[in-house]
Structures are given as structure tokens and as C-alpha cells.
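Asker: Below are the C-alpha cells for one structure; questions will follow.
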Amino acid sequence: MNTKTSKGKISTMWIAVIGLILTAFLTWLVASDFGNVKIMRCTIPAENGKDFSYTAWIPKNATNENKAPLVVNFPGRSSMAHQHDYWVIEMARRGYVVVNADWAANGESEIMSNGGYVKAIMDSALNYPFVDTENVTVAGCSAGNNGVITAGMMYPTVIDTYIVDVWPMVSVMDVWGSGAGLSKDLVFNELVVQASSDQYVEFIANVYANDPQLVQHMVMADFGVPEVVDGEYYGSAEEGNLKRLVTTSSLHQSAAIDKGTIVAIVEFLEKVAPTGHNLPSDNLTFGWLMVCHLLGYFAVIFFVIAMALTLFRNVPYFGYIGNELPVNKGLRGKKLVTNCIITFLIPFILFIPATWFVYNYTEFTNSFMQSRNLRGIVGWLLIVAIINAIIMIAKAQYAKKKGQTPMSLADYGLAGEGETRLPWRKVWRALLLSLITIAATYAWLSFVERTTGLNYQFWNIFVMSEATPKRLLASIPYCIILILAMFVSNIGMNTTRRLPDDSEHRLATFKQIVLNIALAIGPILTLLLIQYGIGYVTCSYPFPQFQNPGAGGEISTGCLDFAFSFPLIMGFTSGMSTYLYKKTGNIWIGTFTSGTVKYYAQIHLQFWQNSV
């Protein structure tokens with residue numbers, strides 16, 4: 001393999017580095033309101049000496065002499081602090097000090113009780129000398145409303161405003177029967193934001209309360225009025241009992257980033273805790289922040305590819321591992337179509353039953369795989385990989401019995417032409433190349449977070465953040481499983497299923513990448529569109545949320561509710577591994593590199609233990 005230095009390839013690396021720097025700078029400019037807001041990552045001791053982490057956004061107007069109102073945000077389940085950046089930027093631009101909690105065992109926080117992490121963030125935020133402790137708001141999204149309720153019970157005389165986004169658990173009506181709730185004797189301002197298409201409310205209303213108008217009735221009981229008009233204000237901010245219900249046309253999962261939600265929140269804050277800013281409620285920059293995050297995500301992926309190929313092409317030690325692409329023995333015509341259909345159907349059919357089983361019945365792995373959500377999805381990937389491996393082995397055995405020329409190691413991308421044994425030196429060097437690439441990538445992500453307080457996250461479905469030692473150690477089991485799954489996937493999509501050769505190599509590579517991305521994301525994307533596309537339009541969901549609800553219930557949709565990020569992640573990692581294989585002829589580089597990017601991106605979204 002030719003490993004001569006190419007100026008063109010070196011320049012590609014410089015473009016990648018410039019892209020990283022530029023997108024990080026643009027993201028910081030937008031998120032900090034051009035330097036008017038200071039963003040910090042804070043880690044503090046909590047119950048039993050465990051670490052609790054949050055982000056703090058401090059506008060310039062907040063000083064010891066001119067104290068600013070405080071907003072404490074509790075994100076939803078399987079979320080981290082940065083997933084509320086789209087709320088925070090609008091609050092901080094308007095003069096509010098905002099702190100965003102990392103869920104216990106998510107982001108950078110360790111596993112602890114709900115009360116433990118609420119106390120940690122509340123005490124820390126209230127201790128800031130530039131915070132007006134007479135003007136405190138707590139806000140929650142989805143299961144984060146547990147934090148809102150807990151904060152209300154622990155700090156009843158401190159908090160004066162509650163903002164709950166989807167699934168209004170803060171209301172006095174307790175459909176779960178747990179006794180949790182706020183005393184009716186407490187008087188507070190309250191904004192309830194409800195998604196028009198919310199599968200959780202549908203489930204609770206139909207199964208537990210037998211009340212199709214559950215949200216309206218909960219809010220009416222809470223507001224103390226016979227009827228609630230959507231968008232209308234009740235009570236007064238002066239008396240501390242201003243209340244409002246706003247319904248947005250969104251799903252449960254997307255309500256937190258819906259424009260209507262953000263506008264409703266900043267309007268309500270302006271009435272209960274005015275800061276004197278002059279920004280209209282619809283003057284929002286969160287859309288630009290979303291664009292910057294997406295550009296940053298592209299820049300990181302491009303950097304990973306450029307870094308891996310630069311090492312491969314310019315360091316002879318790594319150039320050794322390259323192989324010439326084997327003669328194209330891929331499928332054609334009907335066989336190719338059949339292969340694509342099977343590749344789609346197996347993961348499509350297995351997703352819900354496989355993730356449901358692993359989610360509900362593998363508690364014995366809690367000691368080393370604490371995230372049930374992530375465990376369910378990687379379990380599905382492993383099951384699919386095992387089935388695909390069995391199919392490949394069965395095909396090879398069948399061809400051997402028929403007297404056909406057997407597939408060689410080169411045909412599977414595992415070795416070069418003529419090599420009859422697995423070249424372990426190439427495998428280890430590919431692993432080392434990938435580790436160097438990933439180390440450089442996460443060193444950059446750590447630098448960005450430590451210096452600017454930011455990371456890369458897009459639409460609450462994809463997060464790339466600092467790689468901390470504790471999280472790296474905890475993620476090893478998931479990493480191993482994902483690399484095994486990626487290994488089988490790479491063999492299938494890059495060697496067994498290859499498109500006919502094209503006279504234009506770039507065009508052939510592009511077609512192969514498009515096909516592999518489509519088949520990687522197709523099954524899970526189709527399931528999401530069926531469940532949430534139909535649910536959004538009809539407000540009725542094809543797959544019920546739970547089974548056996550009277551006995552406590554088990555999630556019947558498996559991990560589908562937690563899979564919104566996976567089409568994006570699986571698509572780009574499949575495209576990345578395909579491109580790296582086409583450029584190096586080595587299946588291992590793409591397996592190790594894209595598998596590691598994939599697992600760490602996912603674990604930042606899913607590292608949450610249900611028993612917390």
C-alpha cells in the first residue's frame with residue numbers, strides 16, 4: 001500500500017482542524033450571547049460524597065450589587081444538562097442566572113437519590129452571591145418534573161414559580177397514587193406546558209384515570225377554576241399565584257425544543273420575575289445554536305475520518321495495515337434486493353421484543369451495565385449481529401457443500417489477498433490507530449467543555465461531550481458489545497453486500513455509502529415514524545406504552561422511546577466505516593473508530609439507572 005505523504009491529504013487534515021475551531025467558536029458566540037453570558041461546568045460533592053455536576057449560565061447583569069433572578073432546570077429522563085441549552089440561552093439572554101442539572105447517573109453526575117441531587121443543585125445555586133434568593137424558579141421537563149416536585153417539598157418557602165413541561169406531575173392530582181405532590185396550601189406561580197401529542201398522558205388518562213381530558217382536569221383542579229382556556233392567564237404575579245396552561249403542537253420528546261414552549265417560558269418569566277430586558281418573547285436564537293451544534297457535529301465526524309486517514313497515509317507503521325480492495329464478489333440483481341430486504345427486516349422485527357426483553361429481564365448485569373435503556377438497545381444490536389453472523393456462516397457452509405469457491409479472508413475484508421490467516425499485527429495496529437484518533441477527538445471535546453462550558457448536541461438527540469475517567473470506565477462493556485456488532489455489520493455491508501463496480505470510483509463509493517446508511521437507519525427510523533408520526537397526527541399511538549398496567553406495568557415498546565438519537569448516530573457511523581474501508585481495504589479501522597464514536601455518543605444520552 002502506498003504510504004507516501006500527500007500534500008492534498010495533509011491539507012484535508014488542516015481543513016478538519018480549522019472546522020473544529022471555527023464551529024466551536026461560532027457555537028460559543030451564539031450560546032454566550034456574544035460573550036455576555038458566562039458558561040461554567042460545576043462539579044460539587046453531594047450525598048454520601050458522590051459527585052454532582054451541573055452547568056451554570058451567568059449573564060453580565062448578575063452582580064453582587066445587582067442580584068438576578070434564579071432559574072433551576074431539571075431535564076428529562078436519560079438527559080443531561082446540555083440538553084436544556086435551548087431553554088437556557090433564551091433565559092440567560094434575558095438576564096436570568098440559570099443552572100442546569102445533570103440527572104443522577106447521567107452527564108457527569110453519579111448515581112444518587114432524587115432528593116440528593118435536588119439538594120445539591122439548590123444549595124449550590126442559592127449560595128451564589130449574585131442570585132436573588134427571593135425570586136427563584138424551578139423548571140422541569142418530562143421526568144425532570146420529579147425534581148420540580150422534590151424541590152417544592154424541600155424548599156417550600158424559597159421557590160415561588162414552577163414551570164413544568166409535558167406530563168404535569170406537579171399538579172395536586174396524583175394519578176400514580178404515590179402520595180408525591182405539592183401541598184394545596186402552598187401558593188405559587190405555575191406554568192404548565194403540554195404537548196398536543198403526548199403518549200404518556202394518553203396512557204395515564206386511558207389506563208389509570210379513565211379520563212381523556214386528564215391534563216385539563218388536573219390543571220383546573222390545580223388552578224381552582226371551573227374551566228381553563230389554553231393560553232389565558234389566571235391569578236396575578238403580584239399575589240404570587242399567576243397560572244397559565246399552554247399547549248404546543250409537538251411530541252412528548254420534542255416539546256422541550258418547540259418554539260411555542262420556549263416563547264411561553266420566557267413570557268411567563270417576564271411576568272413573574274422581570275429583569276428589565278427589552279427582548280421580545282419571539283426574539284430567539286436557539287435555532288442558530290441548533291445549527292451551530294449540527295455544524296460542530298459534522299466537524300467532529302469529519303475530523304475523525306481525516307485523522308484516521310492522515311495517520312494511515314503518512315505513518316508507515318499504520319500504512320502497513322492497508323489492503324487492496326478484493327475483487328468484487330458482491331451480490332447482484334434480485335439477490336442484492338433480497339439481501340437488502342432481509343437486512344432491513346431482521347432488526348425491524350426484533351427491535352421491540354429484543355429491547356423489551358433485555359430492558360426488563362437482565363437486571364443481573366446492573367453491576368457493570370447500569371443503563372437499562374442503553375443496555376436494551378446494545379442488546380438488540382448484539383442479537384442482530386449474532387443472527388447475521390450465523391447467516392453468513394451458513395451461506396459459506398452451503399457454498400462449500402455445493403463445491404463453489406469459498407470466500408477468503410480478503411473477501412470479508414479481514415486480510416489482504418493471499419493471506420490465509422488472520423493478520424493479528426494489522427488488527428492491533430488498526431486498534432492503535434483508532435485509539436489515537438479517538439483520544440485526539442475526545443481531548444478536543446474535553447478542551448471545548450472545560451474552556452467554554454459547551455459541548456456538541458443537536459435537537460436533544462445527539463450529544464458529544466467530555467470523556468471523563470469514570471464514564472470511560474463504566475462504558476467499557478457497552479464499547480465491547482458495540483465493536484462486536486460493528487464488526488459483523490461492517491463485513492456485511494462492505495464485503496458481502498457490494499454494489500457493482502463503477503468506472504468512477506468516487507461515484508461507486510458514494511453509492512455504497514448511501515446504501516449502507518439507508519439500511520443502517522431504515523429499521524429504527526421506520527419504527528419511530530410509525531409510532532410517533534402516526535401519534536403526532538392522530539394523538540393515538542400504534543404501540544401501547546405499557547403492558548399489564550394494573551400490576552405496575554412493563555414498557556411494551558422496549559426502548560423505542562429512547563431511540564430518537566440512533567438513526568443519526570447509526571447513519572453517520574455506518575457511512576464513516578464504509579468510507580474508511582473503501583480507502584484502506586481494512587475492515588478493522590472503521591470497526592474500532594466508528595464503534596467507539598458510536599458508543600460514547602450513545603452513552604452520554606442513555607447512562608441512567610431506572611432504580612434511581
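The values are calculated or read from the model by the stated rules, or taken from the named source; none is laboratory data. All values reported here derive from a predicted model rather than from experimental measurement. FYI the Cβ positions are ideal-geometry reconstructions off the backbone, even for glycines, and counts take in every protein chain you see. Please note that ligands, DNA and RNA were not included when accessible areas were found on the heavy atoms of the full protein model with its side chains. Shrake-Rupley method; radii C 1.70, N 1.55, O 1.52, S 1.80 Å.
Asker: Taking the dipole about the Cα centre of the chain, with the C-beta of Lys and Arg at +1 and of Asp and Glu at -1, give me whichever of THR584, VAL463, PHE268 is farthest to the positive side.
Answerer: THR584
Asker: Could you sort out which of LYS402/LYS511; LYS38/LYS67; LYS400/LYS511; LYS511/LYS582; LYS67/LYS271 sit more than 21 Å apart by Cα distance in this structure?
Answerer: In this structure, LYS402/LYS511; LYS400/LYS511 lie more than 21 Å apart at Cα.
Asker: Distance from the Cα centre of the range 134-168 to that of the range 435-482, in angstrom?
Answerer: The range 134-168 and the range 435-482 have Cα centres separated by 30 Å.
Asker: Could you please put SER250, SER113 in sequence from largest to smallest accessible area, using a 1.4 Å probe?
Answerer: SER113, SER250
Asker: ILE21: accessible area at probe 1.4 Å, nearest 10 Å²?
Answerer: Taking all protein chains as shown, ILE21 has close to 90 Å².
Asker: Given a 1.4 Å probe and heavy atoms of the protein chains only, how would you sort ASP282, ASP258, largest accessible area at the top?
Answerer: From most exposed to least exposed: ASP282, ASP258.
Asker: Would you tell me the accessible area of THR247, worked out with a 1.4 angstrom probe on the heavy atoms of the protein chains, in Å² to the nearest 10?
Answerer: Its heavy atoms expose roughly 60 Å² to the probe.
Asker: Name the longest site-free stretch of the chain, where the excluded sites are GluC sites (Glu not before Pro) in a DSSP loop with no more than 10 other beta-carbon atoms within 10 Å.
Answerer: Free of exposed loop sites, the longest segment is 325-503.
Asker: Continuing with the same structure: Please state the charge dipole magnitude for the chain, taken about the Cα centre, from unit charges on C-beta atoms (+1 on K and R, -1 on D and E), reported in debye and rounded to the nearest 20.
Answerer: Its charge dipole is roughly 4080 debye.
Asker: What ranking, highest mean first, results for peptides 576-583, 94-101 when packing means the other Cβ atoms within 10 Å averaged over each residue? Before the final figure, lay out the partial values.
Answerer: On the way: 576-583: 23.2, 94-101: 26.0.
Most protected by this proxy first, the peptides run 94-101, 576-583.
Asker: To continue, here is another question. How big is the range 294-442 in terms of Cα radius of gyration and Dmax, in angstroms?
Answerer: When restricted to the Cα atoms of the range 294-442, Rg and Dmax are 19.6, 52 Å.
Asker: State whether the range 238-287 is rounded, prolate or oblate according to the following rule on the C-alpha gyration tensor (a ≥ b ≥ c being the square roots of its eigenvalues): a/c under 1.5 gives rounded; otherwise a/b larger than b/c gives prolate, and the remaining case gives oblate.
Answerer: oblate
Asker: Given the DSSP H assignment, sum -39500 (n - 2.57) over each helix run of at least 4 residues in the chain and divide by its residue total; what's the result at 222 nm in deg cm²/dmol, nearest 500?
Answerer: About -16000 deg cm²/dmol.
Asker: Quick one: net charge around THR365, please, counting Lys, Arg +1 and Asp, Glu -1 for every other residue with C-beta under 11 Å from its C-beta.
Answerer: My count for the surroundings of THR365 gives +1.
Asker: What share of the DSSP beta bridges in the range 33-167 is antiparallel, in percent to the nearest 5?
Answerer: Antiparallel: roughly 45 percent of the beta bridges in the range 33-167.
Asker: Please work out how much accessible surface LEU435 shows to a 1.4 Å probe, ignoring ligands, DNA and RNA, in Å² rounded to 10.
Answerer: 100 Å²
Asker: Mind ranking TYR361, TYR478 by accessible surface for me, highest first, 1.4 Å probe?
Answerer: Result of the area sort, largest leading: TYR361, TYR478.
Asker: For the range 110-164, report the % of Cα-Cα distances exceeding 17 Å.
Answerer: Tail of P(r) above 17 Å: 33 percent of Cα pairs.
Asker: On to the next question. Please report, in whole Å³, the volume per residue of the convex hull around the C-alpha atoms of the chain.
Answerer: Spelled out: Cα convex hull of the chain, divided by residues, is 163 Å³.
Asker: Given the range 1-154, report the % of alpha carbon pairs whose separation exceeds 22 Å.
Answerer: The share of Cα pairs beyond 22 Å in the range 1-154 comes to 47 percent.
Asker: Shifting gears a bit: So, with +1 on the Cβ of K and R and -1 on the Cβ of D and E, and no other charges, what is the size of the charge dipole of the range 203-300 about its Cα centre, to the nearest 20 debye?
Answerer: Details: 4 positive and 11 negative charges, 67 e Å.
The calculated dipole for the range 203-300 is roughly 320 debye.
Asker: I'd like to verify something in the chain: which complete DSSP H helices, judged by Cα projection on the helix axis, reach 27 Å or more and average at least 0.5 on the Kyte-Doolittle scale?
Answerer: 7-31, 286-314, 333-361, 372-401, 424-452, 505-528
Asker: Hey, what's the Kirkwood Rh for the range 179-305 if you take every pair of different alpha carbons, in angstrom? Don't skip to the end; give the middle numbers.
Answerer: On the way: mean 1/r = 0.0584 Å⁻¹.
Across the range 179-305, the inverse of the average 1/r is 17.1 Å.
Asker: Where both partners of a DSSP beta bridge lie in the chain, what percent of those bridges are antiparallel, to the nearest 5?
Answerer: Restricted to the chain, the bridges split so that about 40 percent are antiparallel.
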